[in-house]
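Here, each number is a calculation from the coordinates, and none is a lab measurement. This structure is a prediction, so every number in the text was calculated from the model and none was measured. Heads up, the Cβs are rebuilt from the backbone with ideal geometry, glycines too, and the neighbour counts pull from every protein chain shown.
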Amino acid sequence: MSTYYNWIKNLFLDVSQNEQMAVFFSALVVLLSIAAVSGIFHLILRSALRGIFSKIVKRTRFEWDDILFKNRVFNVLAHIAPVLIIGWASNFAGNDIQWMDGILNGLAKIYLIAVIIALLNRLLTASLDIYQTYPFSKERPIKGYVQLMKLLLYFVGAIFLISVLVSKSPGNLFTGLGAMAAVLMFVFKDPILGFVASIQLAANKMVKPGDWVSLPSYNADGTVEDISLTSVKVQNWDKTITTIPTYALVSGSMTNWIGMEESGGRRIKRSINIDMTTVHFADTKLLEHLRQFSLIRDYVEKKEEEVKEYNRAKQLDERDYVSGRRQTNLGIFRKYLEAYLHAHPGVHDEMTFLIRHLQPTEKGIPVEIYVFSKDQRWANYEELQADIFDHILAVLPEFGLRVFQNPSGEDFRILKHISNNDA
């Protein structure tokens, strides 16, 4: 390259006889030539590598090489040609421009560092894509770890770039960073916390993409879309996106509904308040009325025989409702609910199944249904709950029961109308 420089320089000297101008323009022409040659060799080598690796990828049955090719990992190797050309041509001006050698050598080093960083970055991205092709990647996501490695890669690369620019050893720069540890801890607080949280999440299998999670403190309730080093993206049920810090999953309160999804059922836990003034013993008329319902007929007849046998053994009069045993309309209603829900095709029989009373309040006595739906899909689950309670509200009068309800404006209007008529 020095021969080419001297030839250009002599041409300029023949024209201008000004050595400084000849040196300047000769160096400019050589620099442009180096840039052009580097670009040409880069394009040629990139095209050749792409063609070679494209044929290799098509002939193999492995998926990992397709991912490497897709992430253009092999294309980075084409940048080696410009690095070598710039380094080889660095001393083209000799003693005419002594500082040019240092600049071009520094430029070649910076270019080489950038190429190495780009190559490692693309390898990390491709490695993540390859890892995600395996089924176990859903249980143990490593995106946060890969992002941390990239962050460290950029950090180390920046140190080497600075060492080239200031002509200092990278070791000295790393030593100097020890004094800035507190500042670095503050700057990289979120990545450090996120890294620790990622380890806990992966080790304990706390959450993974696709899980349904609820974080009330962040107004997040939906499906985890992505877990990165510093943030977790949750798509809520209203299709909004909530982004929360990764460490919030381990430092705060979080509900993961994956247990419900894997169990095969979804809990229905809802109560209905019964007006306590409508609860009474079941008389003969009510028992005859309830015998016409097939779901409850066997229970009513069997229970009535059991009650009569007990009362006869105790020699109790049938009219003695206080001392003896009697069926109540509320007790029969609870048994009816059990039979009805056991027969319902949408209710899971093999999971927790309870029909119980809760503590009576000024709003009546709550009868709670605690069962599990077979269908976990939200819309179907809500529809099943609605169907069950539609039926309960409609069937209550058959048992002589009434739902408790606070007086409404219509109730007061009717009461006023009755009072006026009485007056």
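Cross-link list Lys269/Lys363; Lys150/Lys239; Lys70/Lys143; Lys239/Lys374; Lys150/Lys233: which exceed 22 angstrom alpha carbon to alpha carbon?
The answer is Lys150/Lys239; Lys239/Lys374.
Can you give me the Rg/Rh ratio for segment 231-291, using Cα atoms for both radii and the Kirkwood formula for Rh? Mind dumping the intermediate values first?
On the way: Rg = 23.6 Å, Rh = 17.2 Å.
When Rh is taken as the Kirkwood radius, the ratio is 1.37.
Can you spot the lysines whose alpha carbon is less than 28 Å from Lys285's alpha carbon? Ignore those fewer than 8 places along the same chain.
Lys285 reaches Lys302, Lys303, Lys308, Lys314, Lys335.
Would you kindly state how much longer the chain becomes between Thr328 and Leu77 on full extension, computed as 0.36 nm times their sequence separation minus their alpha carbon distance, in nm to one decimal?
Full extension of this stretch gives 81.8 nm more.
For the pair Ser251 and Tyr370, how long in nm is the line joining their label points, each one 7 Å along Cα→Cβ?
Placing both labels 7 Å along Cα→Cβ, they lie 3.6 nm apart.
At Leu153 and Leu43, where each label point lies 7 Å from the Cα along Cα→Cβ, what is the point-to-point distance in nanometres?
Result: 2.8 nm between the two label points.
Multiply the residue separation of Thr240 and Arg59 by 0.36 nm, subtract the distance between their alpha-carbon atoms, and state the gained length in nm to one decimal. The partial results should precede the final answer.
Details: separation 181, 0.36 × 181 = 65.16 nm, distance 4.41 nm.
Additional length available on full extension: 60.8 nm.
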